[in-house]
Amino acid sequence: MRIIGLTTIPFCAILQVQAASIEWNYLRLDCYGTVGESWCDYGWTEPYFEFRTYHSGSSLILQATYGVFLEYAYDIVVARKGDVADANYSGLRSFCYMMSDGESTGSVDFEIPLGDTAYLAYTVAYGNSMTGAPPDPSSPSRWGWVELRAEQNGELVLVRDAMSWSDPLIVGAIPEPSSALLLLVGGAVLGLRRRRRGDDW
């Protein structure tokens, strides 16, 4: 029993450290309804970002809908799997940027072939609601990436995502236990086995 208790504490501590820096599958993608036969409005949280999709041949086109948010500023870029995303990541090209001043906001349509997946990376800068200071896009508060899949029927699916407040992220990476965590778990199992063997004797 003591072995279990001793190993549980550092195990939980490691999990808390990982959770504090990187969050996996944090966003939620919602469909707010269709417009006509080929248009659909989507939004993800949080913070909120809205865009529209429509069919064009065998592709799904993503088009950011304009919106200005006084409390934060977005910069969203087309990303490539395996790239390292951080506060300065510029991606392959721009998809959308929304600044709180409303004057430097724009977007470029983004195409995903039906049946394929694609990646977007983003940075978010927050303003100070207490002082009224606007967000500073040159100093993002957090960043992340999303993997999107365009289904054959035209539906857009959020496959997975990751978000960080401080650490660089590998676009498209799958969360894995750290080597230290694996060693800790292995040591706990070994200690438990030895304890049980001692009890059997």
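Using Cα-Cα distances under 8 Å and only pairs 6 or more residues apart, what relative contact order does the stretch 23-174 have, in percent? That works out to 24 percent.
Here the stretch 23-174 is assigned +1 on the Cβ of each Lys and Arg and -1 on the Cβ of each Asp and Glu. Its dipole about the Cα centre then comes out at about 260 debye. Looking at the stretch 24-128, the GluC sites (Glu not before Pro) that sit in a DSSP loop and have at most 16 other Cβ atoms within 10 Å of their own Cβ are 37, 71, 103. Length available on full extension from residue 38 to residue 166: 0.36 nm per residue minus the Cα-Cα distance, which gives 42.2 nm.
No lab work stands behind these numbers, since they all come straight from the coordinates. Values in this document were obtained by computation on a predicted structure and should not be read as measured data. Glycine gets a Cβ as well: all are built from the backbone with ideal geometry, and neighbour counts include every protein chain shown.
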